[in-house]
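Take this structure, written in structure tokens, and hold onto it; I'll ask about it next.
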Amino acid sequence: MDLALCNQIIKEASRVIVGKSDALELILVALLAEGHILLEDVPGVGKTLMAKTLAKAFGGSFRRIQFTPDLLPSDVTGFTVYDQHKGEFRFQEGPVMTNILLADEINRAIPRTQSSLLESMEEGQTTVDGRSYPLPSPFFVMATQNPIELEGTFPLPEAQLDRFLLKIDVGYPDKEEEMAILTRFQEADPLAEMEPVATPAQIVAMQEVRRGIHVSVPVADYITEIVRATRKHRAFRFGASPRGSIGLMRAAQGLATVRGRDYVLPDDVKTLAIPVLAHRLILTEAERLRGTTPETFLTQIVNETPIPDPAG
């Protein structure tokens, strides 16, 4: 288990990102679990910087798409053009051909453009004019959305939300962290001074290690009980699907990998239940009008679900 490499990536990223070690750990968990992440928060809290920092930490390629209402699917996936000199069509790759793709303000694009990412996120390929093209490996989408500006936005449909393994809120820094940010960025850009501490091939190898992390029967049962409870709870019109169960298991394996274990603990599941499941849950109309959030009831479910003996 290459715990040292995981720690090195987080340590190097923390030279740029101040006070967000928990968020950096979750992002690395999603990457190792071969999932994607949705960051929701106000502008200016470092979402874009996190994506650039992670890409540079493992020497991967990075591209950013600024989602707007006039963005077309071909602006994401690429398109074919006719080469008059060669007398043939050739594929002009889109920004999706990268290791880390930042989909900035994804909820500003029309649904058709949003959904153009679905195939890439699910299958690691993109199809243009009937021909499929494999994406670089690893391929990781970090999408952002602004929760305070609703005008001119198109909320992500449930099918697309379900494709994101984790959803996290970055949050404002506290006073000490903000002072550290000012000091760190006063004279130089720490991102420009970063050096890669890993390679894309090492990330792919760590993803392979993650697949072999042991999930005991009691822990699998714990995951199942939490997910099934969301389907029975009075506050939810729709609970989490089996994709949610699989996502919670894979994320827990990712967290075990990051923390240097070859087995999943119930605490891994408990830690990840909200970031993995909350965005997949749909409240009843009555609860939505009350202003409650899925996190409130999901926390209740997790607290009430018996924790199994990890020795099982």
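Here are the criteria: (1) modelled with pLDDT under 95; (2) within 15 Å of the chain's Cα centre (by Cα); (3) among the basic types (Lys, Arg). Tell me which single one Arg288 does not satisfy.
Of everything listed in (1) modelled with pLDDT under 95; (2) within 15 Å of the chain's Cα centre (by Cα); (3) among the basic types (Lys, Arg), Arg288 misses just condition (2).
Which residue, of Arg250, Arg237, Arg228, Arg259, is at pLDDT below 95 and out of contact with any strand residue (DSSP E or B) (no Cβ under 6 Å at 6 or more places or on another chain)?
One residue alone meets the criteria, Arg259.
Among the listed residues Leu28, Leu54, identify the single one that is outside the structural domain of Pro275 (by TED's automatic domain parsing) and modelled with pLDDT under 90.
Among Leu28, Leu54, only Leu54 is outside the structural domain of Pro275 (by TED's automatic domain parsing) and modelled with pLDDT under 90.
Right, next: Counting just the residues of segment 34-89 that are among the polar types (S, T, N, Q) and under 24 Å from Lys11 (Cα atoms), which one comes out farthest from the chain's Cα centre (by Cα)? Steps first, please.
Let us first name the residues in segment 34-89 that are among the polar types (S, T, N, Q), namely 48, 53, 61, 66, 68, 74, 77, 80, 84.
Subset that is under 24 Å from Lys11 (Cα atoms): 48, 53, 61.
Numbers: Thr48: 13, Thr53: 15, Ser61: 17 Å.
The selected residue is Ser61.
Residues of segment 292-307 being surrounded by 18 or more Cβ atoms within 10 Å (Cβ to Cβ) and over 24 Å from the mean Cα position of the chain (by Cα), which ones?
The one that is surrounded by 18 or more Cβ atoms within 10 Å (Cβ to Cβ) and over 24 Å from the mean Cα position of the chain (by Cα): Thr305.
May I ask you to say which residue of Leu156, Leu165, Leu118 is at pLDDT below 85 and surrounded by 19 or more Cβ atoms within 10 Å (Cβ to Cβ)? If you could, list the steps in order and put the result at the bottom.
On the way: Leu165 fails: at pLDDT below 85; Leu118 fails: surrounded by 19 or more Cβ atoms within 10 Å (Cβ to Cβ).
When all the criteria are applied, what remains is Leu156.
Out of segment 196-221, which residues are under 16 Å from Cys6 (Cβ atoms) and of a type in the set (S, T, N, Q)?
Thr199, Gln202, Gln207 - these are the residues of segment 196-221 that are under 16 Å from Cys6 (Cβ atoms) and of a type in the set (S, T, N, Q).
What's the number of the only condition in (1) under 30 Å from Ser137 (Cα atoms); (2) of a type in the set (Val, Ile, Thr); (3) more than 22 Å from the chain's Cα centre (by Cα) that Val217 fails to meet?
It fails just one condition, (1).
Follow-up question, since we're still on this one. With Val128, Val141 as the choices, which residue is of a type outside the set (S, T, N, Q) and over 25 Å from Leu49 (Cα atoms)?
Values: Val141 fails: over 25 Å from Leu49 (Cα atoms).
Just one listed residue meets the conditions, Val128.
Here are some residues: Leu289, Leu277, Leu255. Which one is surrounded by fewer than 23 Cβ atoms within 10 Å (Cβ to Cβ) and either outside the structural domain of Leu28 (by TED's automatic domain parsing) or among the hydrophobic types (A, V, I, L, M, F, W, C) (or both)?
Just one listed residue meets the conditions, Leu289.
Also, quick follow-up: Can you name the number of the only condition in (1) within 15 Å of Ala51 (Cβ to Cβ); (2) surrounded by fewer than 19 Cβ atoms within 10 Å (Cβ to Cβ) that Asn146 fails?
With respect to (1) within 15 Å of Ala51 (Cβ to Cβ); (2) surrounded by fewer than 19 Cβ atoms within 10 Å (Cβ to Cβ), Asn146 is out only on (1).
Let me ask something else about it. Taking Leu281 as the residue in question, decide whether it is touching a residue at least 12 places away in the same chain (Cβ under 8 Å) and either of a type in the set (Lys, Arg) or under 26 Å from Thr144 (Cα atoms) (or both).
Values: touching a residue at least 12 places away in the same chain (Cβ under 8 Å): yes; either of a type in the set (Lys, Arg) or under 26 Å from Thr144 (Cα atoms) (or both): yes.
So Leu281 fits the description; yes.
Where residues in segment 220-248 are of a type in the set (A, V, I, L, M) and either surrounded by fewer than 19 Cβ atoms within 10 Å (Cβ to Cβ) or part of a strand (DSSP E or B) (or both), which of them is farthest from the chain's Cα centre (by Cα)? Give the derivation first.
So in segment 220-248, the residues of a type in the set (A, V, I, L, M) come out as 220, 223, 226-227, 229, 235, 240, 246, 248.
Going one step further and asking which of them are either surrounded by fewer than 19 Cβ atoms within 10 Å (Cβ to Cβ) or part of a strand (DSSP E or B) (or both), we end up with 220, 246.
Values: Ala220: 22, Ile246: 15 Å.
Checked segment 220-248; the qualifying residue farthest from the chain's Cα centre (by Cα) is Ala220.
If we only count strands (runs of 3 or more DSSP E) wholly inside segment 71-186, which ones have 2 or more residues that are in the same structural domain as Gly59 (by TED's automatic domain parsing), among the β-branched types (Val, Ile, Thr) and touching a residue at least 12 places away in the same chain (Cβ under 8 Å)?
125-128, 140-145
The values are calculated or read from the model by the stated rules, or taken from the named source; none is laboratory data. The structure presented is a predicted model; accordingly, all values stated were derived computationally and were not measured. Note that each Cβ is placed from the backbone with ideal geometry, even for glycine, and that neighbours are counted across all protein chains shown.
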